[in-house]
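Let me begin by presenting the structure, written as structure tokens, before commenting on it.
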Amino acid sequence: MPASHIVSRSVNLKLSPERLWKILIDVSKYPEWQPKVQKVTIQEKKETQTVFIEHSTRKRHTVIVHHERAPCRCLVRVLEERPSIDGQKKIPTFSGSWTFEITQETSDQVTLKITEQGVIKKPIVRATHMLLFGYHRRVDRFIHDLQALLAQQDDDFKEPEQQQQDSIEASSSNVISHNNNALVAEGGKKVVIEEEYQKSCDPSPKELSSSEEVKRSMIKEEEGLTDNTIVHATTAADSSSDQCSVETSDTIMTESKLVSGWDIVSAIVDEHPPKTSA
């Protein structure tokens, strides 16, 4: 059972290389998205190198040195993990290095490959990792925490956009509802106006009856007709074969003509009585 090992893990992430690089080198924020990291103490910071200590929740501290070999492409961390009990330093549980390789696939997608070259000096710890946990346990945990961070950032970024979209949709809905209400109100007003106009143009049957009575009275006064004569003439006009439909006013005019003609004949007969034999 060798003391050293090499394992690699790769994962596709939807973000830019610059954004991923910023997350990896911003070690002061590691405790915010790695549950196993209690705090980080920065010992030294240079242009391309950062020395810091990770304090885990299991009372362990890991001395880590970050070497930025190629910005947004390659990062190497050299680490040595030691247990801390009452301030006394013990033999390192794990020592080795991690190499972060970033490959850009598209404008918003990258592949992150983490390669661990480690040495575990204690045989019992080597056996435990090989049989139970696997040598890639630390790398898998780091990737899992990184994915959870990205998902949370995406949700926080989308929430304002979703709120803005909901606000726009609500405003559009209010405008449409207001326009529909206005159209309904205008349509109702138009219907009322049309009904009033129709009512003014089309008198009721009662009004028609009153109008006809007035017309009949005026005609009777002008022509000196009686109600019986008008009724008789109306019956004669309705029975005529060449007249299918006659309006009330037309019937009255026809009655007047027929009756006036009859009066003229009677006057002629009365003027020239028939001769009688001696």
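The values are calculated or read from the model by the stated rules, or taken from the named source; none is laboratory data. If you're wondering where the values come from, they're calculated on a predicted model, not measured in any experiment. Counting neighbours? That spans all protein chains shown, and the Cβs are built from the backbone with ideal geometry, glycine included.
Overview of results
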{"read-out": "Only one of P35, P17, P92 that is surrounded by fewer than 16 Cβ atoms within 10 Å (Cβ to Cβ) and of a type outside the set (S, T, N, Q)", "value": "P35"}
{"read-out": "Residue match in the stretch 130-137 (condition: among the hydrophobic types (A, V, I, L, M, F, W, C), surrounded by 10 or more Cβ atoms within 10 Å (Cβ to Cβ), within 27 Å of I6 (Cα to Cα) and at pLDDT 85 or above)", "value": "no"}
